[in-house]
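Working notes for the structure below.
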Amino acid sequence: MQLFDTHAHLDFARFDRDRDEVIDRAKRAGLINILTVGADLSSSRRAIKLAKHYKGIVASVGLHPHDASQFDQEVAREIKELAQEEEVKAIGETGLDYHYDNSPREEQRKAFRSQLRLANMLNKPVIIHSREAEEDTLAILKEEAQNLPGVIHCYSSSSEMAQEVIALGFHLGFTGLLTFKNLSWLREIASQTPVDKILLETDCPYMAPEPKRGKRNEPAFVTHVAEVMADCHGIPVSELAEITTENGLELFALENQARLEG
Ligand code: NI
């Protein structure tokens, strides 16, 4: 089985003690690549460093909506500079989070638009975080991202939103949320999503799937997401893994990328 964790935060301190073992377990679970996602400037720099150090790990660079109030010309310039590194395969995560509202909404929208324009300019896909901000996310995507490939990560919005973003050409990324017993509505959306639009991800160290719920998440646990997704589509997990991994390799242009070494 070949799997690809398309959204991990391997640079976070919670992996400092055992990062080598975490990556080794990922390899043994069948993962061939991991995309470690930048959340702010320092995390983006660390993501690139990890991608340079470990075969099969690639990076994205961006500023999370939680930290959008840090966004200014200088941050924009630095993201642009980091984005030119060859290990960087996407811009993000960026987007809107009106659940936590850690940054003022106007500043979130500004940072989001700017990163979408950068992705357009550099011809790189975008990784989008959207929580309780469907209307503004869609409006901004329609204005700024008409021909931009990308993924709505940790998908947890409505089925109407799913249809709209798929029509715009986006993929949906599904995490361990898919496995939570009380979220059957999300499995319903997953079942209705064409398999060629689905990416699997962990969002580790967060969002650990059943039966690891509540623990630190890690890339190897993407297998649990794959199993539930395979059930949603009534196909063998090996087939689901193959299709979704191919989706990710194509979206992030990793066909010729080195694979994970444990
Ligand atoms: Ni994330």
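Which whole-angstrom value gives the distance between the alpha carbon centres of region 208-222 and region 19-71? What the calculation gives is 17 Å, centre to centre. For the pair region 130-169 / region 76-116, the C-alpha centres are spaced 15 Å from each other. Taking a ≥ b ≥ c as the square roots of the eigenvalues of the Cα gyration tensor of region 159-262, is the shape rounded (a/c under 1.5), prolate (a/b larger than b/c) or oblate? Note, shape of region 159-262 comes out oblate. Across the chain, C-alpha contacts under 8 Å between residues 6 or more apart give a mean separation that, scaled by the residue count, equals a relative contact order of 22 percent.
For region 3-251, the solvent-accessible area works out to 42 Å² per residue, with a probe of 1.4 Å and every protein chain left in place.
Straightening the chain between Lys52 and Lys80 buys 8.3 nm, computed as 0.36 nm per residue apart minus the Cα-Cα spacing.
Using a 1.4 Å probe over the heavy atoms of the protein chains, calculate the carbon and sulfur portion of the accessible area of region 3-251 as a whole percent. About 46 percent, which is the carbon plus sulfur part of the accessible surface.
Could you compute the FRET efficiency for Glu107 and Arg131, with r as their C-beta to C-beta distance and R0 at 22 Å, rounded to 0.05? After rounding, the FRET efficiency stands at 0.90. Of Ala119, Ala13, Ala39, which is the most mobile in a GNM of the chain whose springs link Cα atoms less than 10 angstrom apart? Checking each option, the largest mean-square fluctuation is seen for Ala13. Across region 221-262, the residues whose backbone nitrogen lies under 15 Å from the label position 7 Å along the beta-carbon direction of Gln2 are 238-261. Within straight-line reach of Lys52, meaning a Cα separation under 23 Å, sit the following lysines at least 8 residues removed in sequence or on another chain: Lys27, Lys80, Lys89, Lys124.
For region 26-128, the set of chymotrypsin sites (Phe, Trp or Tyr not before Pro) satisfying both a DSSP loop assignment and a count of at most 15 other C-beta atoms within 10 Å is given as Tyr100. Each Cα pair of the chain feeds into the Kirkwood radius, which the Stokes-Einstein equation turns, at 25 °C and 0.890 mPa s, into a diffusion coefficient of 137 µm²/s.
The values are calculated or read from the model by the stated rules, or taken from the named source; none is laboratory data. It should be emphasised that the depicted structure is a prediction, and the values quoted were computed from it without experimental measurement. Neighbour counts run over all protein chains shown; Cβ positions are idealised from the backbone, glycine included. Heavy atoms of the whole protein, side chains included, go into the accessibility calculation; ligands, DNA and RNA do not. Shrake-Rupley method; radii C 1.70, N 1.55, O 1.52, S 1.80 Å.
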